[in-house]
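Everything on this sheet refers to the single structure shown next.
The values are calculated or read from the model by the stated rules, or taken from the named source; none is laboratory data. Everything numeric here is computed off the predicted structure, so don't read it as measured data. Positions of Cβ are backbone-derived with ideal geometry, glycine not excepted, and every protein chain shown enters the neighbour counts. In case anyone asks, the SASA skips ligands and DNA or RNA and just uses the protein heavy atoms, side chains included. Shrake-Rupley method; radii C 1.70, N 1.55, O 1.52, S 1.80 Å.
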Amino acid sequence: MPYPTNPADIIGAWVGAFLTLAIYSYILYKETRVYRLAEYIYVGIAFAVSLTISVQQIWNQIIVRILGGQYIYIIGVILGLMLLTLPFKSIRWISRYPVIFLMGLGFGVTIRGALTANIVGQIRGSITPPGATATMLDWFNFAWICLGTLLIISYFTFTVEHTGWYYYPTKLGRYILLLGLGAYYGNTVQFRMTMLAGRVQYLLQVFKIIPWP
Amino acid sequence: MGMSVLRRPEVFMFISGLVMGLTLFGYFFNVPPVIDTVNWLQTFAVHISYFATWLGFLTAARIHITNIQRKTPGIWYFSIIMFIFALVPFFAALPEITKPSVTTMIYTWPFNWVYTPLGAALYATTGFYIFSAAYRAFRARSFEAAVLLIAGCLVMLGNAPIGELIWSQIPTINEWLQLTGQTPAMRALNITAALGVVYFGLRVVLGAEKRVITLGAGGG
Amino acid sequence: MNQLFVEQILFTGRGSSLVILILLIAFFFIGLQLAKMGRPPKMRRLPALDAIDEAIGRCAEMGKPALFTPGITGGLYTEQGPQMVSSITILGYIAEGCAKYDVPLIIDMAAGDAIPLMDETLRLAYLKQGKPEKYDPKMINYYPGQSPMVTGILGHLQRLRPAAFFMLGGLYYESVVIGEAANMVGSMNIGGTVNTHQLPFIIATCDYVLIGEEFYAASTYLSKDPYQIATIAGEDWIKFILIALSLLGFILEPLGIKVISNFLRW
Amino acid sequence: MGESQSIWVKLGAVDKRILYWILFISLAIPYIRPIGLPVSIAETSYALYNFIEKLGPNDVVVMAIEFGVSAWSECLPGFVAVSKHLVMRGVKIIYWCVGYTDCDLTMEAVMARIPQLKGPGQPAGPGDYKYGVDWVYMGYIAGGETTVAQLADDIRQVLRADKYGTPIDQIPLFQNVRNAKDIKIVIDSTTGDYGDYYVRQWRIRYGTAVAEIGIAMNYSTFMAYYQAGLAVGALKGIRGAAEYEKLIGQLGEATTSLDALNVSHLLVIIAIIMANLSYVMTRRRGGG
């Protein structure tokens with residue numbers, strides 16, 4: 001992708017850079033009309049994009065199939081249209097049907113994933129001992145992961161007071177939890193900074209300070 | 001009057017319970033009709049989500065129209081701008097929706113030069129905020145905060161190649177923290193959240209969760 | 001014969017999940033039954049939820065609005081759906097408080113299919129406080145996507161300067177952005193999510209947090225209903241069973257006795 | 001003494017906007033004047049490299065673009081490096097995207113960086129990847145995890161045609177590809193939970209290998225899968241990408257971006273040290 005050559009794209013690159021700076025003016029200065037302009041333009045275009053994609057999908061995934069004789073696809077349209085009754089006072093209750101259907105499905109999908117991947121899978125992972133060639137460190141890690149997990153779980157109990165002897169495992173669990181979250185935070189910094197650096201690079205490229213890739 | 005039956009909470013409970021039950025049944029048991037039904041339900045759910053975008057637009061449009069009607073100071077002309085940027089590209093793209101991709105410049109230009117760079121710009125704002133949040137939160141106020149701080153700093157030093165130059169053991173510690181040190185936290189959070197969602201789901205479909213299931217009791 | 005039928009019909013690798021699910025359901029009802037027999041358990045304090053009233057009181061005192069967001073979350077039918085539902089149940093509680101003290105409430109969200117659920121919950125909350133006329137559907141600000149929602153929240157934060165900011169739901173990258181931006185306008189932040197990848201940020205940017213499972217238990221806690229709390233006790237029992245199971249595995253597996261892992265693989 | 005105390009107090013309560021300006025400006029420096037520091041290679045990057053080394057022209061893999069243009073700086077270099085490696089091995093590639101609507105731009109960017117990938121209708125010389133035979137691009141597919149699950153069950157249930165409208169049954173590459181069992185590995189690059197989705201729906205249900213070219217923060221969640229044997233490898237964001245560029249012997253964008261990473265991490269750590277110094281000093285004096 002060389003530096004754009006046709007006028008529309010050159011203007012585009014500069015508009016993009018200007019709006020990027022408009023968004024950053026919120027952070028580097030404060031909320032102004034310049035930021036607000038960028039905000040509303042962005043929300044507008046995001047609507048254009050999401051509405052267009054929605055119509056594209058309705059056409060390609062549903063209408064084409066119905067026209068092709070697969071009439072079962074009409075159910076999705078009916079449920080979708082039921083959702084759109086919300087703004088109309090007298091028939092508003094109809095919109096609850098698709099919502100309640102989606103909710104039930106969401107719970108079903110989440111629970112089945114939770115049981116196998118998050119409960120069974122994770123426990124299986126914790127109790128799998130290191131292989132025959134394991135070093136002392138491997139055994140320490142095994143103990144750390146398995147016992148650490150259990151200590152943190154003990155911290156999450158709701159109906160057992162964290163007092164008496166039970167105070168110690170929960171407290172230790174909390175420390176291990178915080179260690180994990182701290183490590184996670186540190187890890188995230190890398191990604192976030194790369195993103196920001198990428199934007200700085202983009203601005204430098206548009207302003208022709210460094211070459212376009 | 002006959003319609004009021006359709007608004008009873010029990011009906012809603014029954015539907016959500018049935019859908020949830022079918023989904024779970026199809027997951028555990030190899031009964032093809034149930035599995036097929038669940039697949040269809042999932043397809044319809046995706047289809048409903050296309051329409052949900054429109055509900056969102058109607059909801060937002062109502063706010064922006066009110067802004068314009070009432071001439072809300074400092075906002076109303078921006079609401080007009082919002083509508084222009086939403087509707088002009090949309091209607092320009094509309095004739096092309098049957099094609100594999102939209103080619104009109106009125107749609108692709110704002111998509112490529114406004115939507116895309118601004119999305120990236122916003123995502124990147126996290127860089128600024130993660131910086132100042134670390135500055136604020138990573139203070140050794142207590143032993144707990146110190147644990148958070150030290151783990152975070154060691155990982156950060158390990159991620160940047162510069163850490164290796166400061167102390168050759170940093171990558172080893174970094175790797176231990178990521179492969180082992182933080183695993184109990186992620187495991188335990190996953191396990192407990194999984195238990196939580198099962199119980200939350202049961203409470204909702206069994207009607208114990210009053211704030212969800214009284215759907216319908218609020219009147220027409 | 002019977003054995004064979006089970007093997008044909010039950011997917012391999014999912015048997016242990018099914019046993020756990022059945023246990024969970026059983027404990028759910030046992031907890032409920034015990035509560036009915038007059039032994040309701042007590043739930044430990046969740047400071048984040050106790051702080052909701054304080055936050056709304058702060059808004060009322062300062063004459064400023066409260067801002068709520070469930071984050072991007074995603075559709076109700078996805079794995080993020082239950083978080084949206086939980087978020088909305090907490091919103092119901094917050095809205096009741098706001099209605100009571102006439103605190104303006106603004107909601108920024110991006111999941112279209114949750115709008116009817118939200119609308120209904122808010123309507124009900126205002127009705128409960130005897131102020132149905134105060135409910136305005138225009139409280140719900142929908143944005144077509146995550147980043148547009150972030151611009152909207154950032155704009156609202158500095159334009160309205162809320163005294164309380166709630167971010168409760170399936171948060172993604174927005175958590176650190178909106179949390180820090182809210183800090184800068186001096187609002188009181190209450191956050192909660194199940195998404196582990198955002199927990200460090202809500203801890204860093206919020207005054208009070210709901211972590212993982214606590215987030216799903218929130219509405220039960222807020223309801224103060226002994227029967228609902230009774231079901232939470234079942235959650236704890238299964239935790240102890242899992243802890244025992246893991247400890248047993250921790251001891252037996254290295255000795256080559258693979259009972260537990262074989263069960264889990266079933 | 002009053003003077004020095006006020007410095008510590010100020011240090012602890014710097015206007016954040018000053019921090020933002022410092023960060024914004026210092027990130028520009030490495031792009032204008034690159035520094036270049038050596039990197040060591042992580043186990044998970046090796047693991048993915050070794051897995052792909054064993055693949056050949058009869059294997060079909062899925063490269064899932066589950067990141068938006070907004071995450072190019074973190075995900076794209078790794079995605080390109082792995083794609084290059086697949087092309088070097090002659091492996092057949094299906095590109096698709098369930099996560100982000102702007103994936104067409106990402107695909108264009110990948111094609112611009114790998115000249116061997118020839119678009120539909122473009123002439124393909126020896127060593128080039130002919131569209132439809134050696135690789136194919138399916139475009140954006142809506143629906144999140146549900147769709148990921150359906151794709152695993154039956155690709156044709158979800159997709160009728162590729163991005164350019166060619167029906168799936170007329171694409172040679174899809175002749176023997178029906179569901180997850182026909183795919184050797186899904187290499188997914190995500191900023192969100194898509195790694196989890198592919199593990200849950202493809203690895204657990206069908207046993208298809210899964211690897212992730214993730215953002216750094218997903219790496220740790222994905223590690224749990226790697227250790228549990230549910231994933232064959234992972235690249236850790238831009239750093240993983242730089243490692244992979246080193247492994248395949250083609251240094252590129254990721255290697256340059258690492259400098260910016262160094263600068264920013266150093267800044268964050270300096271800020272944390274400052275904040276802690278200020279905290280300790282003010283507390284010592286304040287507490288008497």
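Brief remarks on what is shown
- Across all directions, the shadow cast by the convex hull of chain C built on its C-alpha atoms averages 18.1 square nanometres.
- Note on chain C: lysine pairs with Cα distance below 21 Å, sequence gap of 8 or more or different chains, count 14.
- Residues whose amide H lies under 5 Å from that of residue D:234, counting only those 5 or more places away or on a different chain, are D:45, D:48, D:212; hydrogens are built 1.01 Å from N in the peptide plane.
- Relative frequency of Cα-Cα separations exceeding 27 Å in the stretch D:43-259, percent: 22 percent
- Stokes-Einstein translational diffusion, the stretch A:129-213 - Kirkwood Rh over all Cα pairs, 1.002 mPa s, 20 °C, in µm²/s: 128 µm²/s
- A 1.4 Å probe, protein heavy atoms only, puts the accessible area of residue D:274 near 50 Å².
- The accessible area of residue D:85, taken with all protein chains in place and a 1.4 Å probe, comes to roughly 0 Å².
- Annotation: per residue accessible area for chain D equals 37 Å², rounded to a whole number [probe 1.4 Å, protein chains only].
- Amide H within-cut-off set for residue A:210, under 5 Å, with H built and near neighbours excluded: A:205
- Between residue D:25 and residue A:6, the FRET efficiency estimated from the beta carbon spacing at R0 = 45 angstrom works out to 0.90.
- Residue among C:168, C:160, C:23 with the largest mean-square fluctuation in a Gaussian network model of chain C, springs linking Cα atoms under 10 Å: C:23
- Pairwise FRET efficiency - residue B:144 versus residue B:4, Cβ, R0 = 51 Å, nearest 0.05: 0.40
- Loop-located chymotrypsin sites (Phe, Trp or Tyr not before Pro) in the stretch A:47-147 (DSSP state not H, G, I, E or B) with no more than 16 neighbouring Cβ atoms inside 10 Å: A:88.
- Most fluctuating residue given options D:164, D:197, D:49, as computed from a GNM of chain D linking Cα atoms under 10 Å: D:164
- Per-atom-type breakdown for chain B gives carbon and sulfur 71% of the accessible area (1.4 Å probe, protein chains only).
- Positive minus negative residues near residue B:112 (Lys, Arg vs Asp, Glu; Cβ under 11 Å): -4
- The share of Cα pairs per 20 Å bin across the protein assembly as shown, counted from zero up to the longest distance, runs 13, 49, 34, 4, 0 percent.
- The calculated FRET efficiency for residue D:166 paired with residue C:255, based on their beta-carbon distance and R0 = 60 Å, is about 0.55.
- Net +/- balance of residues flanking residue D:137 in space, Cβ distance below 11 Å, scoring K and R +1, D and E -1: -2
- GNM top mover of D:231, D:275, D:124 - chain D, alpha-carbon springs below 10 Å: D:275
- Nonlocal amide H pairs with residue C:13, under 5 Å, H built at 1.01 Å: none
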